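Worksheet: the structure to be examined is printed underneath.
The numbers here are math on the coordinates, done by the rules we state, and not lab data. Fair warning: this is a prediction, and the values are worked out from it, not measured in the lab. Ideal geometry is used to build each Cβ from the backbone, glycine not excepted, and the neighbour counts take in all protein chains shown.
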Amino acid sequence: MNLGYNRSKSAILTLRLGLVVLLGSASLGAENLVFSGTIRFGTTTPVGSGGRIIKVTTLESKGAGSLRAAISAEGPRIVVFEVGGVIDLQGQNLRIDSPFLTIAGQTAPSPGITLIRGGLTVSNTHDVLIQHLAVRPGDNGRSKGSGWDTDAIAVSASRRVVVDHCSTTWAVDENLSVSGPRLQGTTSSDVTFSNCLIAEGLNDASHAKGPHSKGTLIHDRIQRVAIIGCLYASNVDRNPYFKIGSSGVVANRVIFNPGEHAITAGWRPVEWEGRQAPPEPELSILGNVLIHGLDTPENLSFISAPPTELENSSDHPSLENSPGSQLPEIGRFYLQGNWQVMRDGSQKRPNVPAARLRPHPILWLDGLKVSEPEETLASVLRNAGARPFDRDPIDQRIVDGVRQGTGRLIDSQSEVGGYPNYAPTYRKLEIPTQDIDAWLASFAPSPK
């Protein structure tokens, strides 16, 4: 296998042509599957299928015809868009707390729907599908350390949630996360993130803790999370980070230019002091390609524990260089088909001590094919993001930065052109009387 890392030709990898289909059709298929033919965690649900159709007709952040009004409605519902452009949330996040919802962002006319100055939270609910949105909170004009720290998309205390073909960038906390109560009550489970672009978490921005560029956090006790076919680009860490008691599958993804950590797993003993802690996280890590970028330390580990979660150590722990008997209890892993591409173009398989490995998959997904690295990269760069069939300039710049090896960590959206200001676009939708699922799928053609 030769990934051909060659900056002189303005390309990271020399790829053979081809596309690996990571998921089935994006329609709400038969047998209550969000994705027909392939089962992921949380996809055996009708979500909004069969419910009433609600049209978004304005880019205003609230009021009649707004996205906020549509998701606040109750009962099974499918949200479609007769408008495209930017929705400025003005610092007030959207909240989904009523179940059986489909947000079909693919129905918006070009340039699609972009949310700015706020995020989208799925909270204390179930059976939700979010597709083809770009969520770009940014720093909202706040000063460094001032406490503005929203996620782009967050799933909290919810189950059977699918986020598919979304772009989450410029968050000041996580770009895309799953959380829930740590110590009691209902936590999140059965969540899938598929074909998403998770990039450029703002580093030294408005988070109260200081520098905080994060990709994805899977919090304590979160169960059965699938992260499939996604692109993580230029986040300092949490690409993703699974905490204690969590479990999941991360497969056929690309991680580009992580600043400190790629995949992390661990826990904070102080958070469980005086209580019985859950088991350590368990992950199946399959077909991932980690590409070092301009901000990536040479000795970056494929899997690591955050330094703040180790006692008597301020170093970045490396699973590759530590004896198994001295490793912290950070997780149990099944690895297959993963590759790491260094800055000099050399390639290696991740070397994780046997003490942390399991000989058989911890979790698996029906119908999952573990891709070869060339296939993974070709497919992810072609398919990830809110509108891979019609990319906006921000997603296109990020994907080009991966291809050319030029993507960097950033502290503010202003470093890369600032918030988008697309002219609104409109079109009337004629809603068919039958086969709504196929009609929705027709708005998201395969990328050329």
Around ILE398 (Cβ within 12 Å, Cβ-to-Cβ, excluding ILE398; K/R +1, D/E -1) the net charge comes to +1
Per-selection Rg to Rh, the chain - Cα, Kirkwood hydrodynamic radius:
0.95
Of the peptides 227-233, 74-80, 118-124, how do they stack up when ordered by the mean number of other Cβ atoms within 10 Å, highest first?
227-233, 118-124, 74-80
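Sorted from fewest to most neighbouring beta carbons within 10 Å, what does the list LEU429, LEU89, LEU286 look like?
Numbers: LEU429 16, LEU89 21, LEU286 24.
Neighbour counts put them in this order, fewest first: LEU429, LEU89, LEU286.
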Test of understanding: what is the full-extension gain from TRP272 to LEU357, defined as 0.36 nm times their sequence separation minus their Cα-Cα distance?
28.1 nm
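What net charge is computed for the residues neighbouring ARG52, neighbours being all others with C-beta under 12 Å from the C-beta of ARG52, Lys and Arg scored +1, Asp and Glu -1?
On the way: positive: LYS55, ARG77; negative: GLU74.
Every neighbour counted, the sum reads +1.
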Given a Förster distance of 45 Å, report the FRET efficiency between GLU74 and GLN404 from their Cβ-Cβ distance, rounded to the nearest 0.05.
0.45
Under the classification rounded if a/c is under 1.5, otherwise prolate if a/b is larger than b/c and oblate if not, where does segment 56-176 fall, given a ≥ b ≥ c as square roots of the Cα gyration tensor eigenvalues?
oblate
The helix 373-383 Cα axis meets the longest alpha-carbon principal axis of the chain at an angle in degrees, between 0 and 90 and rounded to 10, of 30 degrees
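Using a cut-off of 10 Å between beta-carbons, work out the net charge of the residues near LYS209 (Lys and Arg +1, Asp and Glu -1, LYS209 not included). Mind showing how you got there, number by number?
Details: positive: none; negative: ASP149, ASP173.
Residues near LYS209 contribute -2 overall.
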Neighbour-count order for ILE303, ILE198, fewest beta carbons within 10 angstrom listed first
ILE303, ILE198
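Using the 10 angstrom Cβ neighbour count as an exposure proxy, how do HIS360, HIS132 rank, fewest first? If you can, show how the numbers build up before the last one.
Working: HIS360 7, HIS132 27.
The most exposed by this proxy come first: HIS360, HIS132.
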Run down the aspartates and glutamates and flag those whose C-alpha is under 15 Å from the C-alpha of LYS62, throwing out any fewer than 8 positions away in its chain.
ASP88
Where does segment 344-448 land on Rg(C-alpha)/(2.2 N^0.38 Å)?
1.56
Using a Cα-Cα cut-off of under 26 Å, which lysines could be cross-linked to LYS209, ignoring same-chain neighbours fewer than 8 residues away?
LYS144, LYS243
